[in-house]
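Engineer: Before anything else, here's the structure in question.
Just so you know, all these numbers are worked out from the coordinates, no wet-lab data involved. Please read these numbers as outputs of a predicted model, since none were measured by experiment. So basically every Cβ, Gly included, is an ideal-geometry build from the backbone, and we count neighbours across all protein chains shown.
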Amino acid sequence: MKSVIVIPARYGSSRFPGKPLKLIHGKSLLERVWSIAMLIKGIDGIYITTDDTRIEAHAVNFSAKVIMTEACNNGTERVFRSISALPFKPSIILNLQGDAVLTPPWVIQSVLDAILADPHLEVVTPATQITKYEYLAMQAGKLTGEVGGTMVVCDKMHNALYFSKSMIPYLRSECNDVLPLYRHIGLYAYRYTALKKYVDLGLAPLEKLEGLEQLRVLENGIPIRVVFVDYRGRTHASIDSLDDIKRVEAIITKEGELISCSA
């Protein structure tokens, strides 16, 4: 059974064109993500997949393996198209976004270990618990137009019930206990059969409404197991603008390089 990491990278982002090639403290977003992936144990191959020759040339320059694909509807579809070009069919595919520059290696390892440990799991994704105050800060940011941040609610078996860009579950003001508030982290481990099924199913209504690819999986009755992970004091951040790059650089300056903290 072979396991691979695939890193989809798109140049033509409508919100931030050329994002994978932008520098953070002198190293590109894409190279930083690839360097994190290189630390994961139990992997038989790491591939960057893109339809842009500028990204291809940059990735080859730091010795990454690249699979070129045609234009795809989303990153998950691109991942499937890329593994279809491999000389072998991997059993486990880990989709690691090309801008996941502050995702700790131990978070990625936890997702891979979970799907390898249980043959019944088809899709696995991580989430991290947030406090009431972090929840309220995210809520305030969304009211000002911020697009980052996805919440997930789960059943008692830790299977996802729903993902949303809205703040779920609803938080009553009088609630002050430790709360089941989980921020989703956008990486996934798939079994090959589940990934193929995803691509064959096509766009689903809730997926289209929320703009969240994982809702296609839930809408079609495929369970998604959520692994709760600990960032160990590291700060989560997403990159959708030049201002976000400045914010990430400030986090790295304050907390140190992520790879050096991977032990």
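Engineer: Rank the residues W34, W106 as a footprinting-exposure proxy: fewest other Cβ atoms within 10 Å of their Cβ go first.
Structural biologist: Working: W34 23, W106 18.
Ranking W34, W106 by Cβ neighbours within 10 Å, fewest first, gives W106, W34.
Engineer: Please give the contour-minus-distance gain from T131 to N74: 0.36 nm per residue of separation, less the Cα-Cα distance, rounded to one decimal in nm.
Structural biologist: Numbers: separation 57, 0.36 × 57 = 20.52 nm, distance 3.13 nm.
So the chain would gain 17.4 nm between T131 and N74.
Engineer: Next question, about the same structure. Suppose R0 equals 25 Å; then what is the FRET efficiency for F16 and D118 from their Cβ-Cβ distance, rounded to the nearest 0.05? Each step should come with its number before you reach the end.
Structural biologist: Numbers: r = 36 Å, r/R0 = 1.46.
For R0 = 25 Å, the calculated efficiency reads 0.10.
Engineer: Grab the DSSP H runs of the chain that are 4 residues or longer, score each as -39,500 (n - 2.57), total them, divide by all residues and round the 222 nm result to the nearest 500 deg cm²/dmol. Show your work: numbers first, answer last.
Structural biologist: Values: 9 runs with 88 residues, N = 263.
Helices in the chain give a 222 nm mean residue ellipticity of -9500 deg cm²/dmol.
Engineer: Sticking with this structure for a sec: How far apart, in nm, are two points set 7 Å out from the Cα along the Cα-to-Cβ line at L206 and at E174?
Structural biologist: Taking the simple label geometry, L206 and E174 are separated by 3.0 nm.
Engineer: Follow-up question, since we're still on this one. Share of Cα-Cα pairs in the chain beyond 32 Å, in percent?
Structural biologist: Working: 6140 of 34453 pairs.
Beyond 32 Å sits 18 percent of the P(r) for the chain.
Engineer: Please give the length that would be gained between L242 and T144 if that part of the chain were fully extended, namely 0.36 nm times their separation in residues minus their C-alpha to C-alpha distance (nm, one decimal). Kindly include the intermediate steps, with their values, before the conclusion.
Structural biologist: Working: separation 98, 0.36 × 98 = 35.28 nm, distance 1.76 nm.
Value of the extension gain: 33.5 nm.
Engineer: Next question. I need the Debye-formula profile for segment 1-78: one equal scatterer per C-alpha, no solvent, reported as log10 I(q)/I(0) at q = 0.13, 0.18, 0.26, 0.28 1/Å, two decimals.
Structural biologist: The computed values of log10 I(q)/I(0) come out as -0.38, -0.72, -1.36, -1.47.
Engineer: For segment 114-197, state which GluC sites (Glu not before Pro) are in a DSSP loop and have at most 11 other beta carbons lying within 10 Å of their beta carbon.
Structural biologist: Details: sites: E122, E134, E146, E174; in loops: E122, E146, E174.
Those satisfying the criteria are E174.
Engineer: Along the charge dipole of the chain, which of I24, H236, T193 sits closest to the positive end, that is, farthest toward it, with unit charges on the beta carbon of Lys, Arg, Asp and Glu (+1, +1, -1, -1)?
Structural biologist: In the chain, that residue is I24.
Engineer: Now, a different point. Can you work out the FRET efficiency for the pair D230 and K27, with r the C-beta to C-beta distance and R0 = 30 Å, to the nearest 0.05?
Structural biologist: Values: r = 26 Å, r/R0 = 0.86.
It comes to 0.70.
Engineer: Which trypsin sites (Lys or Arg not before Pro) does segment 87-165 hold that lie in a coil by DSSP with at most 10 other beta carbons within 10 Å?
Structural biologist: On the way: sites: K132, K142, K156, K165; in loops: K156, K165.
Those that pass, being in a loop and sparsely packed, are K156.
Engineer: In terms of modelled amide H atoms, which long-range or inter-chain residues lie less than 5 Å from the amide H of K65?
Structural biologist: Excluding prolines and chain starts, which carry no amide H, the hits are I48.
Engineer: Right, another one. Using the basic label-point model (7 angstrom from Cα toward the beta carbon), what is the D44 to H158 distance in nanometres?
Structural biologist: The two pseudo-label positions are separated by 2.6 nm.
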